[in-house]
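First up is the structure itself, then whatever we jot down about it.
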Amino acid sequence: PRKQLIVVTPTYNRAFQAYFLNRLGQVLRLVPPPVLWIVVEMNPASTKTAELLRKTGVMYRHLVCTKNSTDVKDRGVHQRNTALEHIENHRLNGIVYFADDDNIYSLPLFETMRHISGFGTWPVAMLAPSKNKAILEGPVCNGSQVIGWHTNERSKKLRRFHVDMSGFAFNSTILWDPKTWRRPTSNPIRQLDTVKEGFQETTFIEQLVEDESHMEGSPPGCSSIMNWHLHLDSHNEVYPKGWLLPKNLDAV
Ligand code: UDP
């Protein structure tokens, strides 16, 4: 049987939300089942989002994060944690992947993920129009062995693992079965840390795997780009007068 993929997406209300969620939903619709899409909003959940999710035809769970946070730097962290807690509490079995609503994902990415047994990672292309260039972040591999990292100027040497949030996936059983996976710490993981920007991925991954030798570069060779992380700022969109809908989510 095919492995279940558990795709975790934090989302919030803004101009492009309907566009982003529809686009991601349509990609997930094309991925052979079983796929479970866990979409997490901050309190309160929006009925518009619920409506949109129903129409995608993807198996989903719509969760609400009740944590009070006004820190704009958190950017979905508490929502991802809500999903992690849900996956652990309900012992949902599958490959967990953090897919932000605004990135670009290919179908081969999801096919590749199904071959991960414990922890898999791959390079992600980051596009920042303001910087006018694309950069890579993620593993350099020899076969499926991780032998180094593509880094960028944001990170330099300080981070242990140079992995983007959308550049890794792991077997959910790592969360509750530390012995099987030789997890470095036997403390419960549960949480992505709200540490300073750029360090969330590495501090989380450091709890999942000991070192590179326990990682799977996927697909072997790590030479293909399967998803793109866009840094598009859609916060300052300007609409012609009268166009802005109160909730911004358009019906399709
Ligand atoms: N996000 C959210 N609430 C926020 C900010 C971000 O739910 O206040 C979600 C957003 O929808 C996306 C993810 O968190 O799925 C990452 O956000 P963003 O792309 O803005 O961050 P970046 O990738 O640019 O760091």
Legend entry - Scaled radius of gyration (Cα, divided by 2.2 N^0.38 Å) that the chain gives: 0.99
Legend entry - Inter-label distance, nm, simple model (7 Å from Cα along the C-beta direction), residue 50/residue 127: 3.5 nm
Inset, instruction - State, as an integer percentage, the relative contact order of the stretch 168-238 based on alpha-carbon contacts under 8 Å between residues 6 or more apart. - result: 24 percent
Inset, instruction - Kindly state, to the nearest 0.05, the FRET efficiency for residue 2 paired with residue 104, given R0 = 25 Å and r defined as their beta-carbon distance. - result: 0.60
Legend entry - residue 90 paired with residue 197, simple spin-label distance in nm, labels 7 Å along Cα-to-beta-carbon: 3.3 nm
Inset, instruction - For every other residue with a beta carbon closer than 13 angstrom to the beta carbon of residue 7, add +1 if it is Lys or Arg and -1 if Asp or Glu, then tell me the sum. - result: +3
Inset, instruction - Measure out, as a whole number of angstrom, how far apart the alpha-carbon centroids of the stretch 47-69 and the stretch 101-121 sit. - result: 22 Å
Inset, instruction - Provide the FRET efficiency to the nearest 0.05 for the residue 187-residue 213 pair, computing r from the beta carbons and using R0 = 25 Å. - result: 0.70
Legend entry - the stretch 1-23 residues near the modelled residue 59 label - backbone nitrogen below 12 Å, point 7 Å along Cα→Cβ: 2-7
Inset, instruction - Would you mind counting up the charge near residue 31? Only other residues with Cβ under 11 Å from its Cβ, with Lys and Arg at +1 and Asp and Glu at -1. - result: +2
Inset, instruction - Just add up the charged neighbours of residue 138: K/R +1, D/E -1, any other residue whose Cβ is under 11 Å from the Cβ of residue 138. - result: -3
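Give me Rg over Rh for the stretch 130-204, both radii from the alpha carbons and Rh done the Kirkwood way, two decimal places. Mind dumping the intermediate values first?
Working: Rg = 14.3 Å, Rh = 14.3 Å.
Checking Rg against Rh, the ratio lands at 1.00.
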Legend entry - Any cysteine of the chain lacking a neighbouring Cys Cβ under 4.7 Å - listed by number: 65
Legend entry - Pairs of Lys in the chain closer than 20 Å at Cα, counting only those 8 or more apart or on different chains: 8
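So what's the back-of-envelope 222 nm ellipticity for the chain, counting only DSSP H runs of four-plus at -39500 (n - 2.57) apiece and dividing by all residues, rounded to 500? Provide the component values of the computation, followed by the final result.
Values: 5 runs with 53 residues, N = 252.
Using -39500 (n - 2.57) per qualifying helix, the result is -6500 deg cm²/dmol.
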Inset, instruction - Assign unit charges at the C-beta atoms only (+1 for Lys and Arg, -1 for Asp and Glu), then state the dipole size of the chain relative to its Cα centre in Debye, rounded to the nearest 20. - result: 320 debye
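Just so you know, all these numbers are worked out from the coordinates, no wet-lab data involved. Small disclaimer: the values here were computed from a predicted structure and weren't measured. In this analysis, Cβ positions are derived from the backbone assuming ideal geometry, glycine residues included, and neighbour counts consider all displayed protein chains.
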